[in-house]
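This is the structure I have questions about; it appears just below.
The values are calculated or read from the model by the stated rules, or taken from the named source; none is laboratory data. What you see is a predicted model, and the numbers here were worked out from it, not measured in a lab. Every residue, glycine as well, gets a Cβ built from its backbone with ideal geometry; the counts of neighbours run over all protein chains shown. Just so you know, the surface numbers come from the protein's heavy atoms only, side chains and all, with ligands and any DNA or RNA stripped out. Shrake-Rupley method; radii C 1.70, N 1.55, O 1.52, S 1.80 Å.
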Amino acid sequence: MFTGYALSRTRLRGAKIVMMMYVFSMLFSAGIIPTYMIIVRLYFFGIPDSLEESAKMDGAGNLRILFQIMIPLAITFIATIALFCALFRCVDVH
């Protein structure tokens, strides 16, 4: 989840390379984790930038914005991902 937030909200050098690596790993390992990271990144893109800007104007730092604004907004999405991970893990066992 932190990777999805970092890739969607900050301007990192090499962000496109990181995304290409995730897509490349999905092609060969069919990994669930990279798939969810991409979905989380797209979810954070959907949250308006004005929330983050207003928090910065109020003096909040990046970690405070993440933990007090972004994560509470994404808690239902996080629960859905946790449910899917548990479901896929249960199917793999049986």
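Sticking with the crude label model, points 7 Å out along Cα→Cβ, report the distance from residue 25 to residue 63 in nm, one decimal please.
With each label placed 7 Å out from Cα toward Cβ, I get 2.4 nm.
How would 40, 91, 23 line up by accessible area, probe 1.4 Å, largest first?
Ranked from most to least accessible, the order is 91, 23, 40.
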